[in-house]
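Shown next, in structure tokens, is the structure this report addresses.
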Amino acid sequence: MATRREELSREAARLFAERGFHGTSMDALAQALGVQKGSLYSLTGSKQELLYETLREGARAFHAALDGVPDDAPAVERVRAALRGHLRVVAEQLDVATVFTREWRYLEGESLEEFVGERRRYELRWRALLRDGVESGDLRTDLDAGAATLLVLSAANWAYTWLEPGRDTDELADRFVAILVDGIRGYATPA
């Protein structure tokens, strides 16, 4: 059974995803929980704190997905596993993924610095994954790992805007990998 604090965190993620950070008031959070506004402050110090918690949860989920990628697999399979994991996080934690992608810029102070560091660390892990593929010869030798990382994460991060409920994210990730690895020009494969 969820605690009131967990319920508040879940409702905050939902409302931040639906209305945005600035569009969500403490009154709206209180109504979602069915409590008086003053009661919220026994559960949280501020709306900023709730945003930070939601973003930390997203960062943990995305890093955990990368942690699940086998180190000994060929590069293309590692990219596939990483993309499958990323899209699975978006599908399974849609509210958190939405806030992670869209609302992080409203953090302030040290919380913002810490979160930007986590986003950067995640990006660097993706770059290393692609760079390893170049160095092993599994990916093209002229691949710009930085540009490829930005392309992959740009598409995957914004999946919260277009991902259909119930969509097989593994199959979608496999299609993305085919496009990324095989390219979009040159030849057509038989159907």
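The values are calculated or read from the model by the stated rules, or taken from the named source; none is laboratory data. Since this is a predicted model, take the numbers as computed values, not measurements. FYI the Cβ positions are ideal-geometry reconstructions off the backbone, even for glycines, and counts take in every protein chain you see. Ligands, DNA and RNA are excluded from the accessible area calculation, which covers all protein heavy atoms including side chains. Shrake-Rupley method; radii C 1.70, N 1.55, O 1.52, S 1.80 Å.
Report, in debye and to the nearest 20, how large the dipole of the range 1-117 comes out about its Cα centre when Lys and Arg carry +1 and Asp and Glu carry -1 on their Cβ. Can you show the working numbers first?
Numbers: 15 positive and 19 negative charges, 71 e Å.
Once rounded to the nearest 20, the dipole reads 340 debye.
In nm, give the distance between the simple-model label positions of Glu77 and Val116, each being 7 Å from the Cα along the Cα-to-Cβ direction.
3.9 nm
Run the numbers for Arg140 and Asp170: contour at 0.36 nm per residue of separation, minus the present Cα-Cα distance, in nm.
Values: separation 30, 0.36 × 30 = 10.80 nm, distance 2.37 nm.
Result for the pair: 8.4 nm of gain on full extension.
Could you please put Tyr106, Tyr52 in sequence from largest to smallest accessible area, using a 1.4 Å probe?
On the way: Tyr106 70, Tyr52 35 Å².
Highest to lowest solvent-accessible surface, that is Tyr106, Tyr52.
How large is the accessible surface per residue of the range 1-96, computed with a 1.4 Å probe and reported in Å² as a whole number?
Result: 49 Å² of accessible area for each residue.
Which one of Ala91, Val79, Val69 is farthest out on the positive end of the charge dipole of the range 59-99, using unit charges on Cβ (Lys, Arg +1; Asp, Glu -1) and the Cα centre as origin?
Working it through, the farthest residue towards the positive pole turns out to be Ala91.
Net charge near Glu11: determine it from the other residues with C-beta under 13 Å of the C-beta of Glu11, scoring Lys and Arg +1 and Asp and Glu -1.
Taking every Cβ under 13 Å from that of Glu11, the sum is 0.
Across the range 63-71, in residue order, what do the Karplus-derived ³J(HN,Hα) couplings come to in whole Hz, using 6.51 cos²θ - 1.76 cosθ + 1.60 with θ = phi - 60° and x for Gly and Pro?
5, 4, 4, 5, 4, x, 6, x, 5
What is the sum of charges, Lys and Arg at +1 and Asp and Glu at -1, for the other residues whose Cβ falls under 14 Å from the Cβ of Trp126?
+4
With r defined as the distance between the Cβ atoms of Arg60 and Ala178 and R0 fixed at 30 Å, what FRET efficiency is calculated, to the nearest 0.05?
Plugging the Cβ-Cβ distance into 1/(1 + (r/R0)^6) gives 0.55.
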